[in-house]
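The values are calculated or read from the model by the stated rules, or taken from the named source; none is laboratory data. Here the structure is a predicted model, which is why all the values come from computation and not from measurement. When we count neighbours, we look across all protein chains shown, and the Cβ atoms used for this are built from the backbone with ideal geometry, even at glycine. Ligands, DNA and RNA are stripped out before the accessible areas are found, and what is left, the full protein with its side chains, is counted by its heavy atoms. Shrake-Rupley method; radii C 1.70, N 1.55, O 1.52, S 1.80 Å.
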Amino acid sequence: MSREIILYIATSVDGFIAKENDDLQWLEEAEGEGDAGYSDMYQSIDTIIMGKRTYDYVVDHIESFPYSDKKCYVFTTSQSGENEHVEFVNEDVVAFTKKLREQEGSKIWMVGGAGILDAFMKEQLIDELIITVTPHLLGSGIPMFKGNNPYQDLKLVNTQRYGQMVQMHYKVKKEAK
């Protein structure tokens, strides 16, 4: 059985995950409640995938690396090797992830960014989407989904309100082969 990949992400009402300059201040100011299901999602995974820009943002804006207890892969062309928290990967993200899915383990969290998410959507690699909508209209920025993605049928698992935010939890319906 193939490991599942989760997208757990926040977006503005108009579908942006960040402003053009990667600014997430609007997200930090959102009036939420509790941890918006983060702890439950985080306990269900053992592996994290992210791009270099996302990694740089985390390192620059969070005091201590928040994922040190998980296997963390950062996809980049500018670094190689590893540090105390992550392994830098210079391979094709889709090919690498397909191999990773076949290894023993729990679910995989695709943290970001938009380029990796777009590649995963085009290859239909996301199994579960947990999308939290914040009460903002950004008008422009980095869109959650780019165009020309294949059609996928989703099953709504749950909706939850966290203060001024609403979370939708979907599973991708897999076609019988």
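Overview of values
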| quantity | calculated |
| --- | --- |
| Karplus (6.51, -1.76, 1.60) ³J(HN,Hα), θ = phi - 60°, over region 89-97, in Hz, Gly and Pro reported as x | 10, 9, 9, 4, 5, 5, 4, 4, 5 |
| The chain - percent relative contact order, Cα under 8 Å, separation 6 or more | 36 percent |
| Quotient of C-alpha Rg and 2.2 N^0.38 Å, computed over region 1-59 | 1.30 |
| Share, in percent, of DSSP beta bridges within region 1-149 that are antiparallel, nearest 5 | 15 percent |
| The chain, accessible area per residue, ligands and nucleic acids excluded (1.4 Å, Å²) | 56 Å² |
| Segments 52-62, 109-119 sorted - mean Cβ within 10 Å per residue, highest first | 109-119, 52-62 |
| Interchain or long-range residues, amide H under 5 Å from residue 149's placed H | none |
| Long-range HN-HN contacts of residue 75 with modeled amide H, under 5 Å | 50, 51, 52, 89 |
| Estimated vicinal HN-Hα couplings, Hz - region 112-123 in sequence order (Karplus 6.51, -1.76, 1.60; Gly, Pro = x) | x, x, 4, x, 5, 4, 4, 4, 5, 5, 5, 9 |
| Calculated SAXS-style log₁₀ I(q)/I(0) at q = 0.17, 0.18, 0.19, 0.20 Å⁻¹ - the chain, Debye, Cα scatterers | -1.21, -1.38, -1.55, -1.72 |
| Accessible heavy-atom area order of 88, 145, highest first, probe of 1.4 Å | 145, 88 |
| FRET E, pair residue 122, residue 82, Förster distance 25 Å, beta-carbon r, rounded to 0.05 | 0.35 |
| Within the chain, helix-based [θ] at 222 nm, where runs of 4 or more DSSP H residues each add -39,500 (n - 2.57), nearest 500 | -5500 deg cm²/dmol |
| Under 22 Å from the Cα of residue 52 - lysines, other chains or at least 8 residues apart | 19, 70, 71, 98, 99, 107, 122, 146 |
